[in-house]
Amino acid sequence: MMRYTLTRIGSVIPTVLGAATVAFLLLRLIPGDPARISAGPTATPEQVEHLRVQLGLDRPWWEQYLDFMKNLFTGSLGTSTRSGNSVAAEIGTRLPFTIQLAFWAMLIAIVVGCALGIVGALYRGRAIDFIFSAVSVIGVSAPVFWIGLMMIVLFSVKLGWFPASGAATPASVVLPAVALSLFAIGFISRQTRSAMIDALSMDAVRTARAKGMSGVNVIGKQALRNALVPVITVVGLQFGQMLGGSILTESVFGWPGIGQLLVNSINNRDYPVVQGVVFVVAVLLILVNLATDLLYSAIDPRVRHGN
Amino acid sequence: MTSLLSVRDLRTAFNGQTVLDGVDFDLHPGKTLGLVGESGSGKSVTALSVMGLLDRNGKVLPGSSIKLEGQELAGLSERGLREVRGKRMAMIFQEPMSSLNPVYTVGDQVAETVRKHLGLSRRASRERAVELLRMVGISAPERRVTEYPHQLSGGMRQRVMIAIAISADPALLIADEPTTALDVTIQGQILALLKELQERLNMAILMITHDLGVVSQIADDVAVMYAGQIIERTEAQRLVGNPAHPYSRGLLASVPRLGMDRNVPLPSIPGSVPSPADWPAGCRFADRCEFATPQCREKPPLLIERWPGHEVACDHPLVDGVPTPEPAREVVS
Ligand SMILES: Nc1ncnc2c1ncn2[C@@H]1O[C@H](COP(=O)(O)OP(=O)(O)OP(=O)(O)O)[C@@H](O)[C@H]1O
Ligand SMILES: [Mg+2]
């Protein structure tokens with residue numbers, strides 16, 4: 001167990017370095033002159049040159065790369081060309097909002113998705129199963145900006161239950177979190193349903209019944225734990241999906257997270273910030289992946305024994 | 001002698017299709033009944049019907065009776081069955097690879113049964129689990145309890161299954177082809193273990209197998225199944241020596257014996273068990289029987305006691321390998 005955990009954690013380091021390299025290359029590989037684009041259409045050649053030096057773009061690419069990596073180790077991601085603040089600080093003020101949003105959305109998605117999936121599996125073929133399947137299809141196929149707008153119209157404009165936009169009160173997170181969770185609810189409930197149906201037909205579940213175990217034990221202990229492995233895979237993947245979805249959701253609900261920061265910096269051609277956000281999001285995904293793998297091995301002993 | 005398990009006119013259907021068509025047998029305390037027959041004859045469905053473990057599309061039909069220690073199990077609620085399963089009757093299966101839960105230690109899986117039926121504390125049931133594993137011949141059981149099923153061999157896993165099965169000291173153990181998936185040497189060990197535990201715990205065994213060799217080794221009585229019915233029933237030694245049903249004789253002929261010429265292929269019964277949808281109106285074995293007469297195909301034979309303690313469902317039962325001429329319906333009462 002310990003050894004598996006340590007090797008798995010160790011394998012994160014090269015992945016993070018790779019992510020940093022990709023974030024670095026991304027902006028240098030797209031066509032056009034970053035200094036020129038960044039400075040804006042009205043800038044004088046002197047201003048463009050000044051910016052080029054400031055961004056370090058006048059130096060050979062490998063020097064830039066070494067610099068970038070060296071700065072990473074000291075926790076620096078460069079300076080925003082727009083605000084002059086450090087990129088780390090810009091991200092630092094936004095990241096907690098995105099994490100808060102993703103956390104609530106994921107929590108809602110896991111609880112509701114698993115519940116729908118388990119009930120669907122237990123009552124498969126009955127009316128309730130069809131209703132839940134329909135809910136999951138709607139969740140997966142309805143675009144978040146449309147659902148988001150509908151929710152704003154209904155719950156804030158008409159009913160006035162929740163604020164329509166911003167993050168001023170604790171209740172502000174409700175609408176964006178629910179909107180963001182819908183897609184994952186659909187996905188997780190489908191996966192849970194099929195994994196649970198498989199698990200319930202396991203020989204081991206029949207053994208548990210032959211032992212005289214109660215229904216709660218058979219469903220909650222014997223079957224569910226086996227069904228969790230594929231469900232966790234989907235949850236991990238959904239997290240990535242969710243970070244993408246949060247860009248749209250944050251725009252719809254005016255949520256001051258990292259997604260909005262990214263959209264704004266792209267609009268402002270603020271290269272260091274875009275680069276920093278890409279890197280931070282990549283690191284988040286890597287950490288979620290790590291957590292998923294460690295969870296697997298906690299749940300399924302066959303994983304940690306390597307077969 | 002009063003019987004421990006008494007099955008009468010057991011009829012089971014899947015999605016409305018009858019697959020057990022009036023199964024009758026008795027099992028006496030501490031004895032072993034071998035239930036034999038080819039694949040698809042209904043042995044497992046019989047066992048699962050008794051345990052109340054049929055899939056959700058399977059039903060024991062009204063009119064069937066399954067009595068264990070005098071208690072009627074047919075039609076009993078799931079809650080009622082739970083009090084009997086694992087406690088008075090237990091079951092082990094053909095696939096030791098998948099019968100244990102892969103995500104819990106074997107100790108957990110044994111201890112959980114002990115806790116449920118004997119009401120012991122967590123610690124005491126843990127200790128009891130170690131004892132049980134020792135009883136079924138697992139070495140270093142203190143260490144084994146912390147291992148997971150995938151760390152054990154097939155034979156070991158079947159031993160763990162047996163430990164679970166005997167944990168509440170049941171009166172009946174149903175073993176559905178418990179050795180089929182194992183190596184020959186391991187097969188012998190498991191059978192010997194079952195025999196030993198039976199004597200120690202005075203437990204009756206319903207041994208399901210398609211191997212008559214296993215039956216002659218371990219069973220007191222045998223019931224031969226064909227197409228959802230019992231077609232012959234008698235003492236194991238008598239069946240092996242004097243099969244009266246042509247089907248039983250065919251099964252016996254296909255068992256390899258010591259001293260046989262290995263170059264001569266074993267005779268096998270031509271054809272296969274008809275599936276429930278294709279059961280013929282008369283004798284269900286007639287199409288594969290070398291002695292079948294036109295009358296055999298018209299009228300289903302009844303299971304009749306033709307010799308003391310020897311019942312057979314055939315209108316021309318074999319005597320010394322020769323079919324009796326028709327009609328031979330004298331009944332010994
Ligand atoms: N879950 C099920 N659903 C539908 N039909 C079933 C089911 N289980 C068994 N049957 C049918 O019942 C009949 C008897 O099957 P059963 O499994 O009892 O045979 P068996 O004697 O145990 O054979 P084997 O030696 O292969 O284990 C077969 O025709 C089979 O197709
Ligand atoms: Mg079977």
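Mind telling me which of the residues B:Lys43, B:Lys67 ends up being under 11 Å from B:Leu206 (Cβ atoms) and in contact with a strand residue (DSSP E or B) (Cβ under 8 Å, 6 or more places away or on another chain)?
B:Lys43
Could you list, in sequence order, the residues of segment B:77-88 that are crowded, with 18+ Cβ neighbours inside 10 Å and facing chain A (nearest Cβ under 9 Å)?
B:Arg82, B:Val84, B:Arg85, B:Gly86, B:Lys87
Looking only at segment B:16-38, count how many residues are in contact with a strand residue (DSSP E or B) (Cβ under 8 Å, 6 or more places away or on another chain), touching a residue at least 40 places away in the same chain (Cβ under 8 Å) and away from ligand 2 (no atom under 13 Å from the Cβ).
Going through segment B:16-38 one residue at a time, the tally reaches 14.
Residue under question is A:Ser189, and the condition is that it be more than 14 Å from every other protein chain (Cβ to nearest Cβ), touching a Phe, Trp or Tyr at 6+ places or on another chain (Cβ under 7 Å) and crowded, with 22+ Cβ neighbours inside 10 Å; does it hold?
Taking the combined requirement at face value, the residue satisfies it.
Residues A:Thr5, A:Thr98: which one is among the hydroxyl-bearing types (Ser, Thr, Tyr) and within 30 Å of A:Thr249 (Cα to Cα)?
Numbers: A:Thr5 fails: within 30 Å of A:Thr249 (Cα to Cα).
Selected residue: A:Thr98, the only one of A:Thr5, A:Thr98 that is among the hydroxyl-bearing types (Ser, Thr, Tyr) and within 30 Å of A:Thr249 (Cα to Cα).
Starting from segment B:218-230, keep only residues that are part of a loop (DSSP other than H, G, I, E, B), then list their pairs with residues that are within 16 Å of ligand 2 (Cβ to nearest atom) whose Cβ atoms are within a distance under 6 Å, requiring at least 6 positions of separation or different chains.
Pairs that qualify, where the first residue is part of a loop (DSSP other than H, G, I, E, B) and the partner is within 16 Å of ligand 2 (Cβ to nearest atom), are B:Ala219/B:Gly34; B:Ala219/B:Met207; B:Ala227/B:Val273; B:Gly228/B:Val19; B:Gly228/B:Leu20; B:Gly228/B:Gly42.
When you check B:Ala74 against the structure, is it surrounded by 18 or more Cβ atoms within 10 Å (Cβ to Cβ), in a loop (DSSP other than H, G, I, E, B), more than 10 Å from chain A (Cβ to nearest Cβ) and among the hydrophobic types (A, V, I, L, M, F, W, C), yes or no? Reasoning before the result, please.
Numbers: surrounded by 18 or more Cβ atoms within 10 Å (Cβ to Cβ): yes; in a loop (DSSP other than H, G, I, E, B): yes; more than 10 Å from chain A (Cβ to nearest Cβ): yes; among the hydrophobic types (A, V, I, L, M, F, W, C): yes.
Considered against the rule, which asks whether it is surrounded by 18 or more Cβ atoms within 10 Å (Cβ to Cβ), in a loop (DSSP other than H, G, I, E, B), more than 10 Å from chain A (Cβ to nearest Cβ) and among the hydrophobic types (A, V, I, L, M, F, W, C), B:Ala74 comes out as yes.
Take the residues of segment B:98-113 that are facing chain A (nearest Cβ under 10 Å) and aliphatic (A, V, I, L, M): which is surrounded by the fewest Cβ atoms within 10 Å (Cβ to Cβ)?
Looking at residues that are facing chain A (nearest Cβ under 10 Å) and aliphatic (A, V, I, L, M), I get B:Val103.
Kindly indicate which of B:Ser49, B:Ser41 is within 16 Å of ligand 2 (Cβ to nearest atom), under 14 Å from the mean Cα position of the chain (by Cα), closer than 18 Å to B:Leu212 by Cα and not in a strand (DSSP E or B).
Criteria check complete, one pass: B:Ser41.
Return yes when B:Gly63 is within 9 Å of ligand 1 (Cβ to nearest atom), open to solvent by 10 Å² or more (accessible area, probe 1.4 Å) and more than 14 Å from chain A (Cβ to nearest Cβ) and no when it is not.
Working: within 9 Å of ligand 1 (Cβ to nearest atom): no; open to solvent by 10 Å² or more (accessible area, probe 1.4 Å): yes; more than 14 Å from chain A (Cβ to nearest Cβ): yes.
For B:Gly63, the condition - within 9 Å of ligand 1 (Cβ to nearest atom), open to solvent by 10 Å² or more (accessible area, probe 1.4 Å) and more than 14 Å from chain A (Cβ to nearest Cβ) - is not met.
Checking B:Pro178 against (1) of a type outside the set (A, V, I, L, M, F, W, C); (2) assigned to a loop (DSSP other than H, G, I, E, B); (3) open to solvent by 10 Å² or more (accessible area, probe 1.4 Å): exactly one of these is not met. Which one?
(3)
Does B:Met225 satisfy being within 16 Å of ligand 2 (Cβ to nearest atom), closer than 26 Å to B:Asp169 by Cα and either modelled with pLDDT of 95 or more or surrounded by 20 or more Cβ atoms within 10 Å (Cβ to Cβ) (or both)?
no
So which pairs qualify, if the first residue must be in segment B:299-325 and of a type in the set (Lys, Arg), the second must be open to solvent by less than 30 Å² (accessible area, probe 1.4 Å), the Cβ gap must be under 7 Å, and the two must be at least 6 apart or on different chains?
Close Cβ pairs satisfying both conditions: B:Lys299/B:Gly282; B:Arg306/B:Ala244; B:Arg306/B:Val312; B:Arg306/B:Pro317.
Which is in a helix (DSSP H, G or I) and either among the basic types (Lys, Arg) or open to solvent by 40 Å² or more (accessible area, probe 1.4 Å) (or both), of A:Ile118, A:Ile110, A:Ile147?
Of the residues listed, the single one that is in a helix (DSSP H, G or I) and either among the basic types (Lys, Arg) or open to solvent by 40 Å² or more (accessible area, probe 1.4 Å) (or both) is A:Ile110.
Residues that are within 14 Å of another protein chain (Cβ to nearest Cβ), at least 1 per element: which helices (runs of 4 or more DSSP H) completely within segment A:196-300 meet that?
In segment A:196-300, the matching helices (runs of 4 or more DSSP H) lie at A:203-210, A:224-253, A:271-299.
The values are calculated or read from the model by the stated rules, or taken from the named source; none is laboratory data. Since the structure is predicted, the reported quantities are computational estimates derived from the model, not experimental observations. Cβ atoms come from the backbone with ideal geometry, glycine included; neighbour counts cover every protein chain shown. Protein only, heavy atoms only, side chains kept; ligands, DNA and RNA dropped before computing areas. Shrake-Rupley method; radii C 1.70, N 1.55, O 1.52, S 1.80 Å.
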